[in-house]
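Each remark here refers to the structure printed beneath this line.
The values are calculated or read from the model by the stated rules, or taken from the named source; none is laboratory data. Note that the structure is predicted; figures quoted are calculated from it, not measured. We place every Cβ from the backbone using ideal geometry, glycine too, and count neighbours over all the protein chains shown. Accessible surface is based on the protein model in full, side chains and every heavy atom, while ligands, DNA and RNA are left aside. Shrake-Rupley method; radii C 1.70, N 1.55, O 1.52, S 1.80 Å.
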Amino acid sequence: MMSLFIGPDPSAHRMGLSVEKKLAITPHYLRDTESITVTTNSFGVSRSAESSTIRTLCISINTYLGPRCLSVPTGDSLNSTVNSLGGKIGFSV
């Protein structure tokens with residue numbers, strides 16, 4: 001499903017990064033507390049390719065997957081979620 005949004009451009013002069021590599025680069029960078037250079041060296045890509053990959057993938061997730069897969073509780077559901085979280089980690093609301 002995500003390959004439609006983040007797949008390589010077939011009309012480009014050079015072959016772009018595969019969907020699998022893009023999906024591997026983004027979480028690696030987001031979990032890494034070091035610089036972008038660590039991730040670029042790990043995957044053998046340039047800084048510009050990594051930056052555009054991360055941006056494109058995050059935008060795609062927010063735009064296309066977010067509304068379908070993620071929901072933010074509101075009203076009574078929000079209150080019960082906050083209260084249950086407070087009980088689990090030890091703070092009162």
**Q.** Among residues of the stretch 44-76, those that are open to solvent by less than 70 Å² (accessible area, probe 1.4 Å), outside any helix (DSSP H, G or I) and hydroxyl-bearing (Ser, Thr, Tyr), counted
**A.** 1
Q. Would you pick out the residues in the stretch 44-60 that are under 12 Å from Leu17 (Cβ atoms) and touching a Ser or Thr at 6+ places or on another chain (Cβ under 6 Å)?
A. Glu50, Ile54, Leu57
Q: Take Asn79 and decide whether it is in a helix (DSSP H, G or I), modelled with pLDDT of 80 or more, open to solvent by 90 Å² or more (accessible area, probe 1.4 Å) and not hydrophobic (A, V, I, L, M, F, W, C).
A: no
